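What follows is a short report on a single structure.
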Amino acid sequence: MDEKILEIDNLTVSFDGFKALNQLNLSINTGELRVLIGPNGAGKTTLQDVITGKVRPTEGNVYFKGKSLVGYKEHEIARLGIGRKFQTPRIYLNLTVRENLDLACNRNKNLLSTLMGRISSGDKRKVVGLLETIGLTAKADLSANLLSHGEKQRLEIGMLVAQSPELLLVDEPVAGLTDEETENVGSLLLALAESHSILVIEHDMEFVRQIARTVTVLHQGSLLCEGTMEEVQHNPRVIEVYLGETPEIVDS
Amino acid sequence: MSSQVLSRSQGLKRQKRRKLMIEGVAIVAIAFLLLLLLPAILPEFRLKLLGRFLSLAIVALGIDLIWGFTGLLSLGHGIFFALGGYAFAMHLKMQLPEGEIPDFFTLYGVSELPWFWQPFGSFPFTLIAIFLIPAIVAGLLGYLVFRNRIKGVYFSILTQAALIVFFNFFNGQQKLINGTNGLKTDTEELFGMVVSSSPAQMTFYSLTVFFLVAMYLLCRWLTSGRFGRLLIAIRDDESRVRFSGYNPTGFKVFVFAVSGAIAGIAGALYTVQSGIITPSAMEVPFSIEMVIWVAVGGRATLVGAIFGAVLVNFARTLLSEQFPEVWLFFQGALFLIVVTVLPNGIIGWLRSWGWEKMQHWFGFKSYVVTYPSLETDPQVQQEKEQFEE
């Protein structure tokens, strides 16, 4: 129990009768880098929504370090130590890169200390260190809307890390990136995996091969299979789900 | 590598300090101009107009704080403006011998002072009420709206609906607040001075300048630093703010309340300088006009809010003196022009590239004609620095 950072227990989410997640069971160990794949509509993003408090489960429970997350609000879950990266980069476009990181790394996030508190030198040093990690040192004082798509993705990942979370949820971090940028993001995630537990959702199989150790496949809201990339690739049920249910038609 | 980063950020800091100094000098210079020079050269009537415009500029600051920085378009600031105005007017109405009540009550056969008038007999209470009552009303309204995550157009519509509710209440309650006639302050006395007399008006004018500077500094302080950046963050991407561990509700309620308080102060100063407060301060067009001032001057610039409010109101007086019927068309046209041609307002345009363009027009600076990316790309600059070492 204590080595599991995230446990999903018999989770069901239904929207007006449509079950986006259907009795899903899943667990992630502390320090693990897990990749979640699945065809469109498999419930990958809904799963993240439930973990981060945006959507309430219809049934079942989510445990973070043994503590149930159901009923907590988004900002409370973020403060517990779960950081979320969205599919498209969501950063504050009118602030500079440094200011983006600084807001995320602020330790006391209530109103009074944000208004009155001075920015500690520890926070400043942390931001400088993060700038180096995400490779944006030179662009620290540029407004974030001047960054390229890949740089924005890296900045958002940097903002997650600035929150000092224990678990990172990353939704399609390489969608729309060039090969070089994809590799940059990949090695960034691998570097972060040394000190964080990470759950990545991804479609890009090349990228999954680059970073994955364990892969989980979702299908229609339930767990289809789990294993190494090799195992998953050769699993007949996975092939069926991805290529369509009647391979004969593909042949003809 | 990191030492270079530090030296660059120190350079930025020095630049920032220099800018702050220039700003401080400019504020002092403008305040002196308004306080010493203009009263000497402007006729009394014009000065009184200017005083009214400057108090409207204070509301515009409040709107800029909530709309320009936090991205919440309030169409109900007339409520807070009027509440401040009514609070001050009620105090002035109470300057009577013991046992008497304001004369309009007798018209409606009211012989006893309504309970909520009682505390306004006290001057300190009134001073606090002028900003605290609007702040509380704004805070409550804001809490109900923001807690339910109502945003965007729905927020604007709700504030307008609240405005109409307040208007109808004040308009209909003759027995409580003199209904549609409002409260006249011109002939009342404060500290032995008739409110409309020139020494009293001069005092109110000076107070207006003082509060304009004070509110500007307050907004400036709120919008710089982490708090100000968080307001911009809420405007740009509220759910990111949430997932970063901030609860935006509290921040929004706070800013809305501060904005309401600023509008209350403006309302009180405006009332004594125009001599009357009526429910018409809560009419829908007036609150929309406030938004137009800010849009014309430039959102999220603060200076733009002040500039826009004074400019638009000055243009209104000028035009309606010459051609009384034209003003409304002009105002509509002005708004259209700003939205389509200068979406960032006048100050926003100056800040982004108008300044350089003007320097070019007057021959101080020539355009950069080469492809400038290499000169400005920080990555290239950093590599150059390393190479030269």
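Figures for the structure shown
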read-out	value
More than 19 Å apart - percent of Cα-Cα pairs taken over segment B:55-127	50
With Cα atoms, 0 to 90° folded angle of helix A:121-133 axis to chain A main axis	50
Charge tally in the Cβ shell below 13 Å around B:I58, where Lys, Arg are +1 and Asp, Glu are -1, B:I58 excluded	0
Net length gained if the chain between B:L37 and B:V339 were fully extended (0.36 nm per residue, minus Cα distance)	105.2 nm
Residue order, fewest to most beta carbons within 10 Å, for A:F207, B:F105, B:F362	B:F362, B:F105, A:F207
Amide H within-cut-off set for A:H219, under 5 Å, with H built and near neighbours excluded	A:L224
Chain B: DSSP helices with Cα axial extent of at least 27 Å and average Kyte-Doolittle hydropathy no lower than -1.0	B:2-32, B:44-63, B:123-147, B:152-172, B:198-223, B:248-274, B:303-322
Partners for A:K65 among lysines (Cα-Cα distance below 16 Å; same-chain residues under 8 apart left out)	A:K4
Principal axis box of the protein assembly as shown, alpha-carbon based, largest edge first, Å	93, 65, 52
Sequence of A:D123, A:D179 once ranked by neighbouring C-beta atoms within 10 Å, starting from the fewest	A:D179, A:D123
Charge dipole magnitude, Cβ of K and R +1, D and E -1 - segment B:177-248, Cα centre, debye nearest 20	500
Point-charge dipole on Cβ atoms (K/R +1, D/E -1) for chain A, about Cα centre, debye to 20	1420
Dipole magnitude (debye, nearest 20) for the protein assembly as shown, charges at Cβ of Lys, Arg, Asp, Glu	2000
Residues A:T114, B:T70, B:T203, sorted so that the one with the fewest Cβ neighbours within 10 Å comes first	B:T203, A:T114, B:T70
Cβ-based net charge around A:R79, under 12 Å, with every Lys or Arg adding one and every Asp or Glu removing one	+1
Listed pairs A:K85/A:K126; A:K54/A:K152; A:K19/A:K44; A:K85/A:K152 exceeding 18 Å between Cα atoms	A:K85/A:K126; A:K54/A:K152
DSSP bridge orientation in the protein assembly as shown - percent antiparallel, rounded to nearest 5	60
Spatial separation of Cα centroids for segment A:81-105 and segment A:153-226, in angstrom	17
Distance between modelled label sites at B:V153 and B:F116, nm, 7 Å Cα→Cβ extension	3.3
Cα gyration tensor of chain B - equivalent ellipsoid semi-axes, whole Å, descending	43, 25, 20
Cα-based Rg / Dmax (Å) for segment A:13-68	11.8, 36
Straight-distance crosslink candidates among lysines, where the alpha carbon sits under 28 Å from B:K93 and sequence neighbours closer than 8 are dropped	B:K48, B:K175, B:K184
Set of aspartates and glutamates with alpha-carbon distance to A:K124 below 14 Å, sequence-local pairs under 8 removed	A:E99, A:D102, A:E132, A:D141
Amide H contacts of A:L6 (H built 1.01 Å from N, under 5 Å, at least 5 apart or other chain)	A:I28, A:K65
Top of B:S196, B:S206, B:S320 by mean-square fluctuation, Gaussian network on chain B, Cα under 10 Å	B:S320
Model label zone, A:R209; criterion: amide N under 16 Å from point 7 Å along Cα-to-beta-carbon; scope segment A:170-184	A:179-180, A:182-183
Over 23 Å between alpha carbons, listed pairs B:K13/B:K252; A:K109/B:K252; B:K19/B:K357	B:K13/B:K252
Evaluated over segment B:9-73, the Cα radius of gyration and Dmax, each in Å	16.7, 51
Among A:L95, A:V238, A:G176 - extreme Cα towards positive end, dipole of segment A:4-251, charges at beta-carbon	A:L95
Extension gain, B:S197 back to B:R220 (0.36 nm per residue minus Cα-Cα distance, nm)	4.9 nm
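No value in this document is a laboratory result; all are computed from the given coordinates. For clarity, every value in this text was computed on a predicted model and none was experimentally measured. Positions of Cβ are generated from backbone atoms using ideal geometry, with glycine treated the same way; all protein chains shown enter the neighbour counts.
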